[in-house]
Amino acid sequence: MRSVKGMIHKLPLFPLNTVLFPGAPLPLHIFEERYRLMISRCIEQQAPFGVVLIRERDRADSDPNVSFYDIGTSAQIGEGVRLEDGRYYLVATGQRRFRVQYLTQRVPYVIGSVAYLSEETSPDAVDMADELRALYARYWAAMQASTGYHAGVETPPDDVVDFTYWLAHRFQNDVTQKQRWLEADVATRLREMGAAMRAEIALLPSENGPNEGDWIGPGSWN
């Protein structure tokens with residue numbers, strides 16, 4: 001069982017139309033003035049910021065009153081460059097899930113008081129993860145057989161929790177489904193991703209693949 005006990009932390013929040021999972025990369029182009037300020041402070045303090053999914057699709061992340069989900073993921077800035085005009089190109093990496101308890105600031109950017117969430121695994125999680133790894137291998141074997149495309153397959157993480165986030169990041173689901181997986185317990189993620197992968201495998205050609213040169217891509221994968 002992996003557990004991270006949460007205290008209340010102040011965290012600058014970046015509402016986006018994407019879901020960030022722990023361990024996943026997040027490339028960003030920072031051009032709006034208030035987020036330039038946020039990022040510059042994070043870099044100076046070597047501090048993380050939080051990524052939260054916007055609830056209202058018709059609202060821009062530049063709206064200071066935009067509504068967002070209260071469970072998100074902290075992100076640590078890694079590689080990046082600051083341009084002469086003040087914009088940033090950077091890559092951040094997801095770290096830990098959190099729940100927003102309340103907001104302490106809306107302008108110039110949102111700051112929340114957050115509690116980091118624990119990661120609880122059930123006794124049967126390892127067996128469920130092993131089954132899902134086998135489905136993942138079946139998926140790529142079927143994909144390679146049907147397309148003739150034989151690129152190397154990434155090796156999933158050994159840790160069960162890391163594996164669920166690694167796989168959730170690679171599914172091209174709607175962001176609301178990704179948010180559900182971010183909020184869910186480990187067993188629920190394993191169960192629902194297993195069902196999604198079985199559905200993908202069922203859609204693959206069982207015998208004859210596509211014509212030579214017709215690349216159909218790996219279905220619901222990034």
remark   = From the Cα centre of the stretch 92-131 to that of the stretch 136-190, the distance in Å is 19
key: Average accessible surface area per residue within the chain, 1.4 Å rolling probe, Å²   = 53
request  = Go through 94-101, 195-202, 81-88, 175-182 and give me the packing order, highest mean Cβ count within 10 Å leading.
outcome  = 94-101, 175-182, 195-202, 81-88
key: Spin-label pair ARG138/THR18, simplified geometry with 7 Å Cα→Cβ offset, distance in nm   = 3.2
inquiry  = As I understand it, the value is the acute angle between the Cα axis of helix 125-147 and the longest principal axis of the Cα atoms of the chain; what does it come to in degrees, rounded to 10?
reply    = 60
message = Can you tell me what share of the DSSP beta bridges in the chain is antiparallel? A percent to the nearest 5 is fine.
response = 90
task = Please list the non-local residues whose amide H lies under 5 Å from the amide H of GLY112, H modeled 1.01 Å from N, same-chain partners needing a gap of 5 or more.
result = LEU11, LEU13, THR104
query = Using a probe of 1.4 angstrom, how much of the accessible area of the chain is carbon and sulfur, in percent?
reply = 49
task = Starting from the amide H of ALA92, placed 1.01 Å from N in the peptide plane, find each other amide H under 5 Å away whose residue is 5 or more places distant or on another chain.
result = LEU26, LEU28, GLY78
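The values are calculated or read from the model by the stated rules, or taken from the named source; none is laboratory data. In this text, all values refer to a predicted model and were calculated from it rather than measured experimentally. Because the Cβ atoms are built from the backbone with ideal geometry, glycine has one as well, and the counts that use them run over all protein chains shown. Areas reflect the complete protein model, heavy atoms only, side chains present, ligands, DNA and RNA absent. Shrake-Rupley method; radii C 1.70, N 1.55, O 1.52, S 1.80 Å.
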